[in-house]
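To start, the structure under review is shown below, and the notes come after it.
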Amino acid sequence: MLNINIAQAAYPDKPIKVIIGFSAGGPLDAHMRLLVEKLQSVLGQPIIVDYKSGAGGVLGAQFVAQSPPDGYTILLANTGTLVINPAIYAKSSYDTLKDFQPIARTAQQPLAFIVNKDLPVNSLKEFITYTKANPNNVNYGSSGNGGISHLVPEMLKSETGISMTHIPFKGSAPAFTDLIAGHVQFMAESLPQAANYAKQGRLKVLAITSAKRNAVLPNTPTVIETGVANIEIVGFYGMLGPKGIPPEIVNKLSQAFKEAIESPEIQKKMIEQGADPAYLNADQFTKFLAAEMPRWAMAVKEARAKLD
């Protein structure tokens, strides 16, 4: 007699919803769009991307943490949502390792230090000099309180003694709009979008935060190369579900992301955007998050960046 596991065979038998805790048009959205077609082909079901923006990714994360653990509502999140928010908020509304089931890490990428194209600076050193001479005239935009794009400028302030005013947005897309319009002067944002806008001549990239230069912007120095600050930061993206998803479903989703990320066409597009394909399975991603959390808690403490 055949022993058929009906539950395992049935998943997925309806569309899978991917929640992004930021507005449409941002780096996470662009990253997900690269993967959707391949994931649908592998899983045999539509992938619906839904945006629940606000509070630096917190609203989207809370929504998924409280969803049924059936594999049909999952979260695409970034460094800020998963390892910075729990450290930066005095009372975090979720615990990354207790409230979520990691599924797969999908990519890593540096940030770019970018400025409005009309700002009279062409290097990070010139920006520091300009900011010190105009202490009340420089605002920096971020994708929301508590995210990596909030913390990294705070690290730059801490290292260089400059003064800038933080303007949080509900995602990086509206922040980019205001940077290009000149309402904010500076941002630290993920390389893919920054490089795209730079190539269009809509902003200037002063430096990137990785240890080595990036092939997408080979003439842009690293922050460490500029000699201005000792900042080396690489962010990550990853998929998670609510705690309690059955292991076989976690495994099926993780394998689907592995297939998508290992597709040569997708890898080529990711690298062209400035991101490094960086798949980790569920167990590896869990260990990675456990190691990153204390590291970022220390960074938050050193930058004195706390939120109520």
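The values are calculated or read from the model by the stated rules, or taken from the named source; none is laboratory data. What you see is a predicted model, and the numbers here were worked out from it, not measured in a lab. So basically every Cβ, Gly included, is an ideal-geometry build from the backbone, and we count neighbours across all protein chains shown. For accessibility, only protein heavy atoms count, side chains too; no ligands or nucleic acids. Shrake-Rupley method; radii C 1.70, N 1.55, O 1.52, S 1.80 Å.
When the chain is treated as a GNM, springs tying every alpha-carbon pair under 10 Å, which of 248, 259, 232 comes out with the largest mean-square fluctuation? Answer for the Gaussian network model of the chain: 248.
Starting from the Cα coordinates of region 1-160, work out the convex hull volume and express it per residue in Å³. Intermediate values should be presented prior to the final figure.
Numbers: hull volume 23.5 nm³, N = 160.
That works out to 147 Å³ per residue.
When the Gaussian network model of the chain links Cα atoms closer than 10 Å, the mean-square fluctuations of 148, 20, 47 top out at 47.
Out of region 141-208, which trypsin sites (Lys or Arg not before Pro) are coil in DSSP terms and have no more than 16 other C-beta atoms within 10 Å? Don't skip to the answer; put the middle values down first.
Values: sites: 157, 170, 199, 202, 204; in loops: 170, 202.
Taking region 141-208 and a limit of 16 other Cβ atoms within 10 Å, the loop trypsin sites (Lys or Arg not before Pro) found are 202.
Taking the 1.4 Å solvent-accessible surface of region 24-134 as the whole, the part contributed by carbon and sulfur is 49%. Taken over the Cα atoms of region 15-72, the convex hull encloses 67 Å³ per residue. Under a no-solvent Debye model with one identical scatterer per Cα of the chain, what's log10 I(q)/I(0) at q = 0.07 Å⁻¹? Here log10 of I(q) over I(0) equals -0.27.
Need the full-extension length gain, residue 199 to residue 63, defined as separation in residues times 0.36 nm minus the C-alpha distance. One decimal, nm.
Details: separation 136, 0.36 × 136 = 48.96 nm, distance 3.62 nm.
This chain segment gains 45.3 nm when fully extended.
Once the gyration tensor of the Cα atoms in region 189-229 is diagonalised, the equivalent ellipsoid follows with semi-axes of 18, 10, 8 Å, ordered largest first. Note the angle between two axes, namely the Cα long axis of helix 124-133 and the longest principal axis of the Cα atoms of the chain, as a number of degrees from 0 to 90, rounded to the nearest 10. Approximately 60 degrees, to the nearest ten.
Given Cα pairs under 8 Å that are at least 6 residues apart, what percent is the relative contact order of the chain?
Computed value for the chain: 28 percent relative contact order.
Which percent of the accessible heavy-atom area of region 191-267 goes to carbon and sulfur, probe 1.4 angstrom? Walk me through the intermediate numbers first.
Details: 1560 of 3310 Å².
That share works out to 47 percent.
Which stretch or stretches of region 209-235 have amide N atoms under 15 Å from the point lying 7 Å from residue 123's Cα along the Cα→Cβ direction? In region 209-235, the label zone of residue 123 (backbone N under 15 Å from the point 7 Å along Cα→Cβ) covers 219-229. Estimated from the Cβ-Cβ distance and a Förster radius of 51 angstrom, the FRET efficiency linking residue 301 and residue 33 is about 0.90. When you filter the trypsin sites (Lys or Arg not before Pro) in region 42-150 for DSSP loop state and at most 15 other Cβ atoms inside 10 Å of their Cβ, you are left with 91, 117.
Over region 97-222, what relative contact order in percent results from Cα pairs under 8 Å that are six or more residues apart? Present the calculation step by step, with values, prior to reporting the outcome.
Numbers: 207 pairs, mean separation 45.0, N = 126.
Relative contact order comes out at 36 percent.
So, for the chain, what is the accessible surface per residue at a probe of 1.4 Å, expressed in square angstrom? If you can, show how the numbers build up before the last one.
On the way: 13240 Å² over 308 residues.
On a per-residue basis, 43 Å².
For region 102-244, lysine pairs separated by 8 or more sequence positions, or belonging to different chains, with Cα-Cα distances below 23 Å total 18. Are there any trypsin sites (Lys or Arg not before Pro) in region 244-308 that are in a DSSP loop and have at most 15 other Cβ atoms within 10 Å? List them by number. The qualifying sites are 304, 306.
The three principal axes of the Cα atoms in region 158-308 give end-to-end lengths of 50, 39, 30 Å, sorted in falling order.
Hydrodynamic estimate: the Kirkwood radius of region 164-237 over Cα pairs, inserted into Stokes-Einstein at 25 °C and 0.890 mPa s, corresponds to D of 185 µm²/s. Just so you know, the Cα atoms of region 73-185 work out to an Rg and Dmax of 15.9, 49 Å. Springs between Cα atoms under 10 Å define the GNM used for the chain, and in it the highest mean-square fluctuation of 145, 116, 230 occurs at 230.
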